[in-house]
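The values are calculated or read from the model by the stated rules, or taken from the named source; none is laboratory data. What you see is a predicted model; the values in this text were computed from it and never measured. A quick note on method: Cβ atoms are made from the backbone with ideal geometry, for glycine too, and the neighbour counts reach across all protein chains shown. For accessibility, only protein heavy atoms count, side chains too; no ligands or nucleic acids. Shrake-Rupley method; radii C 1.70, N 1.55, O 1.52, S 1.80 Å.
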Amino acid sequence: MKRGYFFYLVLLLFIFIISFFMPFISSISTLKISAKNSNIKSLEAFIEKNSFIDKDSVVKIDDNYYYYRNDDSIIDVSKMSFVKPVDVIKNMDLFKELLFKELRIKYPLFVVEQIINNDFDSFIVSNDRIDISYLTTEGNKYDVTLVCRDYKNLVSFGCVDDIQGDPNSVGIDSSKKSVALTFDDGPCVYTNDVIDLLLDFNMKATFFELGSLMERYPEIVKRVLDSGFEVGSHGYNHKAFTKLKVGGTLKDISRTNDIYREISGRDLKLVRPPYGSINASIRDSVDVTFVKWSVDSLDWKVRDERYVENVMSVAKDGDIILLHDIHKTTLEHLRDLLTRLYNENFQVVTVSELASIKGIPLESRKVYFKFV
Ligand code: ZN
């Protein structure tokens, strides 16, 4: 019984407290509504003043700012005026830095450098994101999305921080035509520059390296891996497997693998036979995946810019392209090759990535030339 009374007493007290505070609670919400109303009132007054404004194209950003879709401008209701995107950016330097970073995720450096200092073609502000696009004189359109968590301190208006992940992130696209670039005979003094160029273009490659040069340049081997690229074996010192016979090849491959494991803690799964020379008994005796090529750039032979055309005249979806990072001339014209591959919409990946894009499992004791 006593417990029952106690319950009713608590209930009464609760009702009393609620009814006491009710007027305050409702006055708070009335205040909120009136603030909103006054905001809407000033917006309505603004629209009335500027009779050309199409009401349906006005989108709320926050209590003070509205985005006007029809001409990509922003209405600042506290100032009762239209403002340009640049007027709502508080820190243009940091804003440009953010733009640069996000554009680089999607586009190669040469594209980003071309567009970053141009005026935006459009600047669309929602309550949680800004979509910006650039239109080049050639008619190419590049767009990028900034999310609230990254720009909220750089602009005058408020935003909602609710977008997870990076909307500009790009993964491997299985629907795009793809090729694997392969660089043989290194690592060497040009390899770092080759890596830098590939990174500038957001492209990948597989480096088939010699054990003897891995010993000499372990830091470069590490950098190839740290840059997200792939390393394969090209034997210890470029001796033809067919001359080494099965026994010699087994020793050569395992010696190279030991050096690589010392540097990276991993094993070499892919092997490119020096000179591409391999026979059935070697293929069947070594537990690795052999990778040859379908496009020979002949960079080792022509030693000039002609190798670029040798690749571009035949390259197609699924090809494995042979290049050498030990020739200065290959490095000198590599930018041209990568630019042309980019302009022709090739996705440039590692050998393993190309196999995976094409849904072809890489098996050991097999020789691959291309993935189609
Ligand atoms: Zn070679």
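The set of residues from segment 88-119 being in contact with a strand residue (DSSP E or B) (Cβ under 7 Å, 6 or more places away or on another chain) and open to solvent by 50 Å² or more (accessible area, probe 1.4 Å) comprises LYS90, LYS106, ASN118. Filtering segment 167-179 for residues that are open to solvent by less than 30 Å² (accessible area, probe 1.4 Å) and within 16 Å of the ligand (Cβ to nearest atom) leaves an empty set. All conditions but one from (1) under 20 Å from ASP196 (Cβ atoms); (2) outside any strand (DSSP E or B); (3) away from the ligand (no atom under 16 Å from the Cβ) apply to VAL348; the one that does not is (2). From the list GLY247, GLY265, GLY276, the one residue that fits, being free of Cβ contacts under 8 Å to residues at least 24 places away in the same chain, within 14 Å of the ligand (Cβ to nearest atom) and either of a type in the set (Gly, Ala, Ser) or over 30 Å from ASP200 (Cα atoms) (or both), is GLY276.
Condition (residue is away from the ligand (no atom under 16 Å from the Cβ) and in contact with a His (Cβ under 9 Å, 6 or more places away or on another chain)) applied to segment 294-302: is it met by at least one residue? No, every residue in segment 294-302 fails to be away from the ligand (no atom under 16 Å from the Cβ) and in contact with a His (Cβ under 9 Å, 6 or more places away or on another chain). Please work out if TYR190 is open to solvent by 10 Å² or more (accessible area, probe 1.4 Å), of a type in the set (Ser, Thr, Tyr) and over 30 Å from the mean Cα position of the chain (by Cα). No; evaluated as a whole, the condition is false for this residue.
Could you please give the count of residues in segment 101-118 that are touching a residue at least 12 places away in the same chain (Cβ under 8 Å) and more than 23 Å from ASP173 (Cα to Cα)? Residues that pass the stated criteria total 4.
The residues on offer are TYR236, TYR142, and the sole one that is within 16 Å of the ligand (Cβ to nearest atom), of a type in the set (Phe, Trp, Tyr) and at pLDDT 95 or above is TYR236. Taking the criterion of being assigned to a loop (DSSP other than H, G, I, E, B) and either of a type in the set (S, T, N, Q) or surrounded by 15 or more Cβ atoms within 10 Å (Cβ to Cβ) (or both), the residues of segment 71-87 that qualify are ASP72, VAL77, SER78.
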